[in-house]
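The values are calculated or read from the model by the stated rules, or taken from the named source; none is laboratory data. Source: prediction; values computed, not measured. Neighbour counts run over all protein chains shown; Cβ positions are idealised from the backbone, glycine included.
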Amino acid sequence: MSTALKLEWEEEEEAAWLGIHSLLSDFRLAFQLNKQLGLQMSRSKDIDFGEMGLFPLFEFEDLAQDCYCCLLPNQQKQLQSNPSMGLFAEEVEWRTRYILPERKEIDYLIKLSGQFAVNPAGWLNKIKEIPRVITAYHLEPNTLKSKQNLIF
């Protein structure tokens, strides 16, 4: 008696990625995005990227309209202690980790999916109007070396 298994392939959701250059802190940028775009983005649990560390995540999800948006910093500074043979027991230094190390100039990443991903150009125009946002642009994940870091 033979058994047939049916394998179903679920299409990956369509998502648009935006890169932002800004002098704002993460929570201030989330507040300004909420104000400018009419969102209700709030701090969620941090994302653990293994040895790169924890990165703060701000999310907004509207299940009724099938929309999702998240904001996360591209860089995170972490204290790292190194054993020392000198006068002090250990040396402590700041180390910067990046989600996209090949794009260190990007301060923040925004993921848009569902209905939000339909018109990323409209989002970019509104984001560029926020004070202290230097610029914003569309990212193409397939051109990135570390695109696997964008899967979470």
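Here are the numbers:
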| quantity | calculated |
| --- | --- |
| Cβ-Cβ under 9 Å pairs, at least 6 apart or on other chains, the stretch 138-152 side in a helix (DSSP H, G or I) and modelled with pLDDT under 90, far side of a type in the set (Ser, Thr, Tyr) and surrounded by 13 or more Cβ atoms within 10 Å (Cβ to Cβ) | Asn149/Tyr98 |
| Residue that is nearest to Leu33 (Cα to Cα) [pool: residues in the stretch 49-85 that are outside any strand (DSSP E or B) and among the polar types (S, T, N, Q)] | Asn74 |
| Residue list for the stretch 21-46, filter: buried (at least 17 other Cβ atoms within 10 Å of the Cβ) and in a strand (DSSP E or B) | Ser22 |
| Members of the stretch 92-111 found to be modelled with pLDDT of 95 or more and of a type in the set (A, V, I, L, M), listed by number | Ile106, Leu109, Ile110 |
| Residues of the stretch 94-103 that turn out to be in contact (Cβ under 8 Å) with a residue 24 or more places away in the chain and either buried (at least 20 other Cβ atoms within 10 Å of the Cβ) or part of a strand (DSSP E or B) (or both), as a count | 4 |
| Criterion (closer than 17 Å to Ser25 by Cα and either outside any strand (DSSP E or B) or small (Gly, Ala, Ser) (or both)) met by exactly one of Ile106, Ile110 | Ile106 |
